[in-house]
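The values are calculated or read from the model by the stated rules, or taken from the named source; none is laboratory data. Computed from a predicted model, the values in this text were never measured in an experiment. All Cβ positions, glycine included, derive from the backbone under ideal geometry; neighbour counts span all protein chains shown. Only protein heavy atoms, including side chains, enter the accessible area calculation; ligands, DNA and RNA are left aside. Shrake-Rupley method; radii C 1.70, N 1.55, O 1.52, S 1.80 Å.
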Amino acid sequence: MRKSLTGVLSLAVLIGTVGAAGASAGAATAAEPAAQRSSGAVAGSEASNEDIKDRILAIPGMSLIEEKPYAGYRYFVLEYTQPVDHKRPSKGTFQQRLTLLHKDVSRPTVFFTSGYNVSTNPSRSEPTQIVDGNQVSLEYRFFTPSRPAPADWTKLDIWQAASDQHRVFTALKKIYDKKWLATGGSKGGMTATYFERFYPKDMDGVVAYVAPNDVVDNEDSAYDRFFRNVGTQECRDKLAGVQREALIRREPLQKKYKELVAEQGWTFNTVGSLDRAYEATVMDYGWAFWQYSLLADCADIPADAKKATDDDIWNSVDAVSGFSAYVDQALERYTPYYYQAGTQLGSPDIKQPWLAKLSRYGYQPPRNFVPRSIPMTFDRGAMRDIDRWVKRNARQMMYVNGENDPWSAEPFRLGHGARDSAVYTVPGGNHGAKVSGLPEAQRAKATAAILRWAGVAPAAVEADPAKAKPLAKFDTRLDRRNGEVERDEATLRP
């Protein structure tokens with residue numbers, strides 16, 4: 001059973017103070033020194049590492065929320081003063097949260113974005129492990145607490161967000177002057193791509209994971225083809241059977257839903273009704289399964305949905321797509337995503353003909369998940385521009401997709417203008433597809449490219465890319481394995 005929102009949504013809102021350069025907000029804890037140095041560290045790096053916090057806080061507009069200890073690194077949770085509108089910087093500022101996993105100024109740096117909130121606990125993206133480098137992680141604008149007040153939603157677009165990254169990079173490049181790579185998964189992979197499109201001179205390479213590319217928003221036949229063929233017929237039939245029964249048994253299962261809603265204090269002002277939220281959760285069921293699970297997990301789906309109990313159907317839908325997904329208390333956190341999906345990014349609309357006579361609302365659009373007080377107008381040219389640019393101009397860009405991930409049904413593709421770039425697909429992979437999940441030859445080739453772009457490829461790898469391996473050992477506390485996907489209360493979002 002999925003955890004209730006009382007635990008999932010308990011985000012600690014960290015409020016920093018905007019002060020003069022070098023000022024800090026919050027109480028910093030003493031961190032362990034960076035004990036694990038790379039064998040490639042240059043002379044003098046030890047001295048610069050000793051005062052790294054002072055150097056970071058000397059950046060105008062940078063302030064400290066806290067420092068957390070982690071062996072082999074120093075880890076800082078920071079805030080940076082950003083203009084609300086990069087085209088008119090004098091029209092107000094806001095505080096944007098970021099974190100810095102500091103290894104050594106002699107190492108390359110990976111710029112990570114999830115496209116959502118930033119985690120305030122130490123972690124490494126796969127490229128950071130591969131290059132044994134530093135990592136800067138940035139919270140996407142308008143995700144609280146990195147939201148201007150009052151919020152002018154017209155300033156939430158992909159160019160403004162890319163300009164946030166550009167300013168952070170420009171400020172930190174003076175300290176971390178080695179190679180930089182941009183990375184992110186899902187919406188973070190999209191974000192890394194948009195950053196490269198608008199500021200192509202900043203990064204030395206891009207590694208984008210499971211990044212959807214919805215070029216024409218109202219043409220989603222690729223997703224319908226995907227769901228007709230993904231996995232096995234047996235698994236598809238089991239998933240469809242549970243969905244059908246969940247809608248057929250709407251009345252008894254909604255009685256359970258009402259009890260849960262009353263217990264948790266949830267409301268439905270944004271989506272409009274409990275019935276709409278219930279159906280949206282059921283409609284997401286198949287998508288959520290393939291996004292988060294593997295084919296082997298189909299064994300956990302009720303084999304004969306018609307004979308399954310109400311509890312069996314409820315528990316399966318709740319475990320896979322989660323009945324907390326469309327309540328106000330969940331949607332509020334993801335308002336910035338749904339706003340962008342309905343103004344620039346686009347969103348999938350799948351038919352699911354096996355539910356045609358049972359569904360009352362169909363696949364609901366992003367507009368239904370954003371408060372009506374926030375105006376939305378869709379820009380049809382935004383994703384076309386990105387897609388055209390990638391095909392014509394990609395340089396040292398890598399896309400890693402999952403074969404069984406719905407979001408990979410509309411992927412980025414490279415054109416004749418691309419150079420030193422690649423698209424890989426992890427066999428059987430879900431939304432947690434990684435380079436480490438690729439077949440051996442492709443894994444080595446992709447790893448060698450990442451090392452080369454970061455300027456840290458050993459001589460043996462330069463001579464023979466087949467020998468490429470991550471420079472840092474896998475750390476279960478910092479790293480995720482291929483197929484591991486972070487779960488939360490929202491399902492149908494990248």
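Before moving on, here are some points about what is shown:
- Hey, residue 413 open to solvent by 20 Å² or more (accessible area, probe 1.4 Å) and in a loop (DSSP other than H, G, I, E, B) or not: yes
- Checking each residue of region 184-192 against the condition of being more than 22 Å from the chain's Cα centre (by Cα), assigned to a loop (DSSP other than H, G, I, E, B) and not aromatic (Phe, Trp, Tyr) gives no match.
- Of the residues making up region 380-400, those that are part of a loop (DSSP other than H, G, I, E, B) and of a type outside the set (A, V, I, L, M) are 380, 381, 396.
- Members of region 73-120 found to be surrounded by fewer than 18 Cβ atoms within 10 Å (Cβ to Cβ) and farther than 15 Å from residue 136 by Cβ, listed by number: 81, 85, 86, 87, 88, 89, 90, 91, 92, 93
Conditions tested, residue by residue: (1) touching a residue at least 60 places away in the same chain (Cβ under 8 Å); (2) surrounded by 22 or more Cβ atoms within 10 Å (Cβ to Cβ).
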{"residue": "275", "(1), (2)": "yes, no"}
{"residue": "281", "(1), (2)": "yes, yes"}
{"residue": "284", "(1), (2)": "yes, yes"}
{"residue": "291", "(1), (2)": "yes, yes"}
{"residue": "296", "(1), (2)": "no, no"}
{"residue": "302", "(1), (2)": "yes, no"}
{"residue": "306", "(1), (2)": "yes, no"}
{"residue": "319", "(1), (2)": "yes, no"}
{"residue": "324", "(1), (2)": "yes, yes"}
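- Scanning region 299-336 for residues that are assigned to a helix (DSSP H, G or I) and aromatic (Phe, Trp, Tyr) yields one hit, 314.
- Those residues of region 435-465 which are closer than 28 Å to residue 287 by Cβ and touching a Lys or Arg at 6+ places or on another chain (Cβ under 7 Å), in sequence order: 435, 436
Residue by residue, here is whether (1) within 26 Å of residue 372 (Cβ to Cβ); (2) at pLDDT below 95; (3) open to solvent by 20 Å² or more (accessible area, probe 1.4 Å) holds:
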{"site": "210", "(1), (2), (3)": "no, no, no"}
{"site": "215", "(1), (2), (3)": "no, no, yes"}
{"site": "236", "(1), (2), (3)": "no, no, yes"}
{"site": "255", "(1), (2), (3)": "no, no, yes"}
{"site": "262", "(1), (2), (3)": "yes, no, yes"}
{"site": "270", "(1), (2), (3)": "yes, no, yes"}
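- Condition met for residue 197 (out of contact with any helix residue (DSSP H, G or I) (no Cβ under 6 Å at 6 or more places or on another chain) and in a helix (DSSP H, G or I)): no
- Test result for residue 130, under 19 Å from residue 169 (Cα atoms), in a helix (DSSP H, G or I), open to solvent by less than 10 Å² (accessible area, probe 1.4 Å) and in contact (Cβ under 8 Å) with a residue 12 or more places away in the chain: no
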